[in-house]
Amino acid sequence: MRNFVLLLCLWGVYCCFAAGGPAPLGPEGPLQGELHKGRDVQAAAKPGVRFNLRTSEDPEHEGCDLPLGHNQPLEDCGFNMTAKTFFIIHGWTMSGIFENWLYKLVSALQTREKEANVVVVDWLPLAHQLYTDAVNNTRVVGHSIARMLNWLQEKEDFSLGNVHLIGYSLGAHVAGYTGNFVKGTVGRITAIAEVMKCEHERAVHLFVDSLMNQDKPSFAFQCTDSNRFKKGICLSCRNNRCNSIGYNAKKTRKKRNSKMYLKTRAGMPFRVYHYQMKIHVFSYKSIAEIEPTFHVTLYGTNADSQSLPLEIVEQIELNATNTFLVYTEEDLGDLLKIKLTWEGVSQSWYNLWKELRNYLSQTRKSEQELNIRRIRIKSGETQRKFALCAEDPEHTSISPGQELWFRKCLDGWRMKNETRSNVALP
């Protein structure tokens, strides 16, 4: 499994990391600061913008060009006026040729939307420039696409509401310009802008994954920063704080930019299942500092997990509730029991140093004893909550090299409207 954090910016549309979904353009669309110059601006397009209707999944197939203002190619190429139309807009290029992600995206769209028109906006001559020059050309390309869409709107049965713009890298800027200049409101836009927390091309693979694995959508969760996400604090779906990413993202409106995070597998399907784990850790002994190495194994009605490490983002707080994030590749179903293991000290130089430090500070191994009576878990994907209590209420202590078992508490998860004394951990 791969540790992967996704950062999304929300402008009313998802703008980073292939976070697609229905999103309005026009007055409420992206990039409005510079683009507030009106929709009726007409600019002569520079040479080099082509619209290529992909009629085959074979990347070697040259497709079918759709020249602006020429009606016959629309008929000859088999352009379907009543179907959805996808415009794929690439970004800046150093090689001057299409990258592999584009063909994968074309294939995924053709597989998912068999009747749709998939059009590649080829602006390679304008994108294969110095980066600053390519940036300046995005406005021109946006004008060209807007002119194409305005022309298509003159055709019977063509609807701008069926158009989905997919922009990658500088293609996201092009999509924003297009939405500003076109007459009317484009149905959907996915701007896969410059990414910040993963490989540049991985954004497209996440979007392709959302097309190919519709039954396994990946969910992202709103969070203020990565440390809070790693603690498992941000797995709430209230007030649109979570959303599926990619093609199936739900339409939401945000008054401000928001950061969204998730974990993924190393390859498709990328979906994992997120769990928030709350553990109240207390000690009857005076311990100044302790760094336990905890692992958990989750047992559910559908499957069991592997041994999962509990990442300690900061220091373990004693006599307090500590929150962790764990994730699995399989849907475990309802949780039945948990095995908590405190790993013994491995003989690495780092751990030897910790042992020496503990010795010098008089923190003996016999004093490294913690007590845990209950573990509370919340599923990010289903929002279901579970409470699991120590299997033996009389033995809740754990030391290095030992394990504790927890099973579903008889009273289950206590409701929020119960009194504070009832919900307090024993």
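Take the convex hull of the alpha carbons in the stretch 100-153; its mean projected area over all directions comes to 4.7 nm². Normalised by the number of residues in the stretch 199-265, the average gap of Cα pairs under 8 Å and 6 or more apart makes the relative contact order 39 percent. For the peptides 380-387, 219-226, residues were scored by their other Cβ atoms within 10 Å and the scores averaged per peptide; the highest-first order is 219-226, 380-387.
For Glu60 and Ala83, the FRET efficiency from 1/(1 + (r/R0)^6), where r spans their Cβ atoms and R0 equals 22 Å, is about 0.35.
Would you please calculate the Kirkwood hydrodynamic radius of the stretch 50-196 over all C-alpha pairs and express it in Å, rounded to one decimal? So the Kirkwood estimate lands at 15.3 Å. For the residue pairs Lys104/Lys259; Lys250/Lys337; Lys278/Lys337; Lys183/Lys259; Lys230/Lys285; Lys84/Lys155, the alpha carbons lie more than 23 Å apart in Lys104/Lys259; Lys250/Lys337; Lys183/Lys259; Lys230/Lys285. Couplings for the stretch 223-234, taken from phi via the Karplus curve 6.51 cos²θ - 1.76 cosθ + 1.60 with θ = phi - 60°, read 7, 6, 7, 5, 5, 5, 5, 5, 7, x, 6, 9 Hz in order; Gly and Pro are left as x.
Report note on the peptides 152-161, 109-118: ranked by the mean count of other C-beta atoms within 10 Å, highest first, their order is 109-118, 152-161.
Legend: calculated FRET efficiency, Asn136 to Glu75, from the Cβ-Cβ distance at R0 = 41 Å, rounded to 0.05, equals 0.70. Sorting the segments 325-333, 242-250, 400-408, 180-188 by their mean number of nearby beta carbons within 10 angstrom, highest to lowest, gives 242-250, 180-188, 325-333, 400-408. Computed from backbone phi with θ = phi - 60° and the Karplus coefficients 6.51, -1.76 and 1.60, the 3J(HN,Hα) list for the stretch 240-249 is 6, 7, 9, 6, 6, 10, x, 5, 9, 4 Hz; x is used for glycine and proline.
Under the simplified labelling scheme, the Glu156-Arg238 pair shows an inter-label distance of 5.5 nm, with each label point 7 Å from Cα along Cα→Cβ. Using a Förster distance of 45 Å, how high is the FRET efficiency between Met94 and Thr301, based on the Cβ-Cβ distance and rounded to 0.05? It comes out at approximately 0.30. Our estimate of slack between Arg265 and Thr321, defined as 0.36 nm per intervening residue step minus the Cα-Cα distance, is 17.3 nm.
Bear in mind that the values in this text are calculations on the coordinates, not laboratory data. Note that the structure is predicted; figures quoted are calculated from it, not measured. Using ideal geometry, Cβ is built from the backbone for each residue, glycine included, and neighbour counts are taken over all protein chains shown.
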